[in-house]
Amino acid sequence: MSAVLINGVAAARQLHDELCSAVETLVERGATPGLAVVLVGDDPASSVYVRNKVRRSVEAGLRSFHHELPASTSESDLLALIKRLNAAEDVDGILVQLPLPPHIDAQKVTAAIDPAKDVDGFHPINVGNLSLGAPALVACTPLGCMLLIKGVRKDLAGLSAVVVGRSNIVGKPLAQLLLRENCTVTIAHSRTKDLPLVCCGADILVAAAGRAGFIRGDWIKPGAIVIDVGINRIERDGKQQLVGDVDFEGARSVAGALTPVPGGVGPMTIACLLRNTIEAACRRRGISSPLANAAD
Ligand code: GUN
């Protein structure tokens, strides 16, 4: 059996079209959503991500505010910018690209963002509300993963889900989302004993470990839904290549459905950022959202 490939590019395009229509509706109501993206320093990967976020938000019709600050920016100057963005009427979402330079405390910066504008879903209030099952802005990559999983199977109740990776950005919030769907959830990590055995029990296996080709085909339960969050740059046959955390060829003959890298989770992350910005704009302005509930 060969796994169905989950097409993240097509899913993101469809979501993007829905977002464009939603933004049109909001513009007609005089409520154009605004997204402020802040980049500190010139990390090449972060610059590419930020450029794509800004480009997509403009394409969707959002008002875009782009702040590029030098790596030498002080923590207090960054906090002062966030304070201004928190107070700005036309800014509905604020994203500070991570990682930040080492002299800036990322947790302090995240906590300074108005939770109502925290479209990354990283603020402690949003993290807490997610774990309480209360309305929250949810981190974009986990939200994108859930939309892809639910595109394969609507009812996840009772399934065993294993998330490999315990980051605050992906592993922990995704585990909460899977729990909300009544999965039996395990978060595995680098210290997990007998990881292959743990993975073998998963009906849904999410790889977010940050290690190229780490999850092998023989760790996968036949028919499982496998979501590969990894983006690793490696050199193969003298060429630079992007690969995930899953050994793609090994997984393909065992899994029921599998995301490729590139073209799986990645495109969904930006679409979910725009989605969160639209949701934040509607909630903040007290108007009903033209969007259906995410991941429902
Ligand atoms: N760096 C890597 N992923 C992300 C993300 O989802 N949001 C932000 N703000 N920074 C990141």
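Treating r as the C-beta distance of Thr25 and Asn168 and R0 as 25 Å, the FRET efficiency rounds to 0.15. Within a straight-line Cα-Cα reach of under 18 Å, Lys154 cannot be paired with any lysines, leaving aside sequence neighbours fewer than 8 residues apart in one chain.
Think of it this way: in the chain, Cys20, Cys145, Cys183, Cys199, Cys200, Cys282 stand alone, with no other Cys Cβ under 4.7 Å.
Remark: segment 35-41, residue by residue, has Karplus-estimated 3J(HN,Hα) of 10, 9, 10, 10, 10, 10, x Hz, where x stands for each Gly or Pro and the curve is 6.51 cos²θ - 1.76 cosθ + 1.60 at θ = phi - 60°.
Helix 75-87 and the long axis of the chain differ in direction by around 70°, with both axes built from C-alpha atoms.
Each label was represented as a point 7 Å from its Cα along the Cα-to-Cβ direction; for Ser74 and Asp17 these points are 5.1 nm apart.
Could you give the length gained on full extension between Thr192 and Ser46, defined as 0.36 nm per residue of separation minus the Cα-Cα distance, in nm?
Details: separation 146, 0.36 × 146 = 52.56 nm, distance 3.03 nm.
Extending this stretch completely gives an extra 49.5 nm.
Would you mind working out the magnitude of the charge dipole of the chain relative to its Cα centre, with +1 at each Lys and Arg C-beta and -1 at each Asp and Glu C-beta, to the nearest 20 Debye? Walk me through the numbers on the way to the answer.
Details: 30 positive and 30 negative charges, 64 e Å.
Computed about the Cα centre, the dipole is about 300 debye.
Treat every Asp and Glu Cβ in segment 81-146 as -1 and every Lys and Arg Cβ as +1, leave all other atoms uncharged, and give the resulting dipole magnitude about the Cα centre to the nearest 20 debye.
Working: 4 positive and 7 negative charges, 34 e Å.
Charge dipole of segment 81-146: 160 debye, to the nearest 20.
Note: relative contact order over segment 56-161, using C-alpha pairs below 8 Å and six or more positions apart, is 17 percent.
The label point for Asp218 and the one for Arg153, both projected 7 Å from the Cα toward the Cβ, are 2.5 nm apart.
With the charge dipole of the chain set up from +1 on Lys and Arg Cβ and -1 on Asp and Glu Cβ about the Cα centre, the Cα lying farthest toward the positive end among the listed residues Ile220, Val109, Val4 is that of Ile220. Using a probe radius of 1.4 angstrom, the carbon and sulfur fraction of the accessible surface of the chain is 52%. Separation of segment 47-104 and segment 225-296 by C-alpha centroid, Å? Using only Cα atoms, the two centres lie 22 Å from each other.
In segment 89-175, which trypsin sites (Lys or Arg not before Pro) are in a loop and have at most 16 other Cβ atoms within 10 Å, using DSSP for the loop call?
Listed in order of number, the matching sites are Arg153, Lys154.
For Lys108, the lysines whose Cα falls under 27 Å of its own Cα, not counting residues fewer than eight places away in the same chain, are Lys53, Lys83, Lys117, Lys172. Along its principal axes, the chain has C-alpha extents of 53, 42, 35 angstrom, given from the largest down. Take every pair of alpha-carbon atoms less than 8 Å apart whose residues are at least six positions apart; their mean separation over the length of segment 186-280 yields a relative contact order of 25 percent.
Of all DSSP beta bridges confined to segment 127-270, the antiparallel ones make up roughly 25%.
What 222 nm value per residue comes from the helices of the chain, counting each DSSP H run with n ≥ 4 as -39,500 (n - 2.57) and dividing by all residues, nearest 500 deg cm²/dmol?
-12500 deg cm²/dmol
Note on Gln241 and Arg180: the model spin-label points, each 7 Å out from Cα along the C-beta direction, lie 3.6 nm apart.
The mean sequence distance of close C-alpha pairs (under 8 Å, at least 6 residues apart), as a share of the length of the chain, puts its relative contact order at 22 percent. Surface exposure of the chain, expressed per residue as accessible area with a 1.4 Å probe, stands at 46 Å². Between Ile287 and Ser2, the contour length at 0.36 nm per residue exceeds the alpha carbon distance by 98.0 nm. Can you tell me the orientation of helix 44-59 relative to the chain, as the angle in degrees between its alpha-carbon axis and the longest Cα principal axis, to the nearest 10? Tilt of helix 44-59: around 70 degrees.
Please give the FRET efficiency for Asp105 paired with Arg55, using the beta carbon to beta carbon distance and R0 = 35 Å, rounded to the nearest 0.05. Computed FRET efficiency for Asp105 and Arg55: 0.75. Within the chain, DSSP assigns beta bridges of which about 15% are antiparallel (rounded to the nearest 5). For Ile220, the accessible surface of its heavy atoms amounts to roughly 10 Å² (probe 1.4 Å, protein chains only, rounded to the nearest 10).
The GluC sites (Glu not before Pro) found in segment 38-127 that occupy coil by DSSP, while having at most 16 further C-beta atoms within 10 Å, are Glu89.
The values are calculated or read from the model by the stated rules, or taken from the named source; none is laboratory data. Quick caveat, the model's predicted, so the values are computed rather than measured. Every residue, glycine among them, receives a Cβ derived from its backbone with ideal geometry; neighbour counts consider all protein chains shown. Please note that ligands, DNA and RNA were not included when accessible areas were found on the heavy atoms of the full protein model with its side chains. Shrake-Rupley method; radii C 1.70, N 1.55, O 1.52, S 1.80 Å.
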